[in-house]
Amino acid sequence: MTNCLQPATRARMKSASLIRVKPLRQQGLTLVELMVAMAISLLITLAAVAALIVSRQGFTALDASSQLRDNGRFAADLLQRLGGQAGYLNVDYVMEEARLYGKPVKVTGKATDPEPSVMGVNNAKRIAGTDFDWGKSDTSDSGSSDILAFRFSPALDFTDSSSTRQTGMIDCSGNPIRDVPSDSTDRSISVLYVAISPTDNEPALFCASGLAGAVAAGQPLIQGVENFQVLYGVDRVTPNAAPTVVPANTDLPSVDARDDAVPDRYLRADQITVSGNTVATNANWRRVRSIRIGMVLRGPVGSAPDRTSQTFYPFGKAKASSTGTDGSAFASTDDPGTIFSPTTDGRLRQVVTFTIHLRNDQKHGL
C-alpha cells in the first residue's frame with residue numbers, strides 16, 4: 001500500500017516520523033499571581049476574624065445587658081418588699097399603737113421616742129459598731145453612694161409543716177426571719193450600702209441585717225452596683241428644721257398645711273437632720289412617705305460596644321431648677337452622686353430608678 005502513495009506524501013511521512021516529540025512544559029503560578037492569591041486569602045481571613053470579633057462583642061454586650069437587667073429587677077423587687085415591711089408592728093404589740101378617737105393609747109414603759117423605721121445617710125461609708133452601722137466619712141467605697149436602713153417588727157411567728165419557725169417576712173438578704181422580737185422596741189434592721197467585695201474587688205450592694213443590737217456583718221447582695229442614691233419623699237418637712245405638728249383631722253383653711261401623708265418634696269438624708277436635736281430629727285424621719293432609689297450598675301470589662309466617656313444620672317436629668325434648691329436635687333451638684341461620670345473602662349452600665357411608697361404608718365402613735 002505504501003507503494004501506492006505519491007512520492008511527495010511518502011517523503012512527508014518519513015520526515016514526520018523522524019521528528020522527536022517533546023513533552024509539554026509543566027504549568028504553574030508566577031510570583032505575582034501567588035502574592036495576589038495570598039493577599040486575597042489574607043483579606044478573607046481578616047474579614048472572617050473581624051466578623052467573629054464583632055459577633056463575640058455583641059454576644060458579650062447582650063449577656064452583660066441581660067445580667068444588668070436581672071440585677072436591676074432583683075434590686076427593685078427586694079427594696080420594694082423591704083419598704084413595704086418598714087414600720088410594720090408585731091401583732092403582740094399592736095395595741096401599744098392603737099388609736100382611740102384620733103389619740104394614741106400609750107402603754108406604760110413604752111419608749112417615748114423609738115428610732116424611726118426609715119433612716120439614711122447621704123454620701124457616706126458604712127462603719128460597723130452600731131445597730132445601723134452609720135457611716136462616718138463623706139466618701140463611700142465607690143464614690144458618693146448613700147446608706148439606707150429599714151426597721152420593722154417581724155410578724156407573729158408560726159411553725160410550718162417541717163417544724164421550721166417562720167415569720168413570713170424577710171431581711172435584706174432575702175432570707176426568712178425566724179427570730180421574733182422580745183419587746184416593742186426590738187425590731188429587725190436591714191442596712192443597705194455600697195462597698196467593695198473582698199472576693200473579686202468589685203463594688204456591690206451590701207446588706208447587713210439582724211435584730212436590734214445584733215446586726216450581722218454585711219454581705220454582698222448584688223454585684224456591680226457602683227452608685228446607690230436615695231432621696232426621701234417627705235410630708236411638710238423644712239430642710240434641717242423641726243417639723244410643725246398639725247393633726248390630720250384638724251380642719252384648717254390651707255390644705256397644704258395639713259398632715260395629709262402625701263410627699264410634697266424629695267430631700268436628701270442630710271436635709272432631714274436637725275443639728276443637735278435628735279427628737280426633731282426622728283420626727284422628720286417619721287414624715288417620710290416614699291423613697292426614690294437611683295442606682296448605676298456595671299458589667300465586666302469589655303462588655304461595652306465602645307469606650308467613650310459617659311455621664312449617668314441615677315435619678316434622671318429632670319430637676320425642679322438648676323440652682324440645686326431644696327427638694328430639687330434629682331441631678332444636682334448639691335448631691336455629687338446624682339451626676340456620675342465613671343472612668344472609661346469599656347464596661348457596659350445601666351441606670352435603674354424606681355420609687356418605693358411606704359404603706360405602714362411611720363409615726364408609731366407619736
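The values are calculated or read from the model by the stated rules, or taken from the named source; none is laboratory data. No experiment lies behind these values; they were computed from the predicted model shown. So basically every Cβ, Gly included, is an ideal-geometry build from the backbone, and we count neighbours across all protein chains shown. Protein only, heavy atoms only, side chains kept; ligands, DNA and RNA dropped before computing areas. Shrake-Rupley method; radii C 1.70, N 1.55, O 1.52, S 1.80 Å.
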Scan the stretch 213-231 for residues that are open to solvent by 40 Å² or more (accessible area, probe 1.4 Å) and in a loop (DSSP other than H, G, I, E, B) and report the count.
4
Only one of (1) part of a loop (DSSP other than H, G, I, E, B); (2) modelled with pLDDT of 80 or more is not met by P300, so which one is it?
(1)
Of all the residues that make up the stretch 194-212, how many are farther than 21 Å from P300 by Cα and either among the charged types (D, E, K, R) or assigned to a strand (DSSP E or B) (or both)?
5
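Kindly establish whether D77 is acidic (D, E), open to solvent by 60 Å² or more (accessible area, probe 1.4 Å), modelled with pLDDT of 85 or more and not in a loop (DSSP other than H, G, I, E, B). Talk me through it step by step, then tell me what you get.
On the way: acidic (D, E): yes; open to solvent by 60 Å² or more (accessible area, probe 1.4 Å): yes; modelled with pLDDT of 85 or more: yes; not in a loop (DSSP other than H, G, I, E, B): yes.
Taking the combined requirement at face value, the residue satisfies it.
For D256, state whether it is open to solvent by 70 Å² or more (accessible area, probe 1.4 Å), acidic (D, E), modelled with pLDDT under 85 and out of contact with any Cys (no Cβ under 6 Å at 6 or more places or on another chain).
Answer is yes for this residue.
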Being of a type outside the set (F, W, Y) and modelled with pLDDT of 65 or more is the requirement here; does M1 meet it?
no
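Select from the stretch 196-210 the residues that are in contact (Cβ under 8 Å) with a residue 24 or more places away in the chain and touching a Pro at 6+ places or on another chain (Cβ under 7 Å) and write down the one among them that is nearest to S341 (Cα to Cα).
Here the answer is I196.
For the stretch 267-305, how many residues meet the condition of being open to solvent by 50 Å² or more (accessible area, probe 1.4 Å) and touching a residue at least 40 places away in the same chain (Cβ under 8 Å)? Even if it seems obvious, please write down each step before you answer.
Step one: list which residues in the stretch 267-305 are open to solvent by 50 Å² or more (accessible area, probe 1.4 Å), which gives 270, 273, 275-279, 292, 300-301, 305.
Applying the additional criterion that residues be touching a residue at least 40 places away in the same chain (Cβ under 8 Å) yields 270, 278-279, 292, 300-301, 305.
The number of residues fulfilling the criteria is 7.
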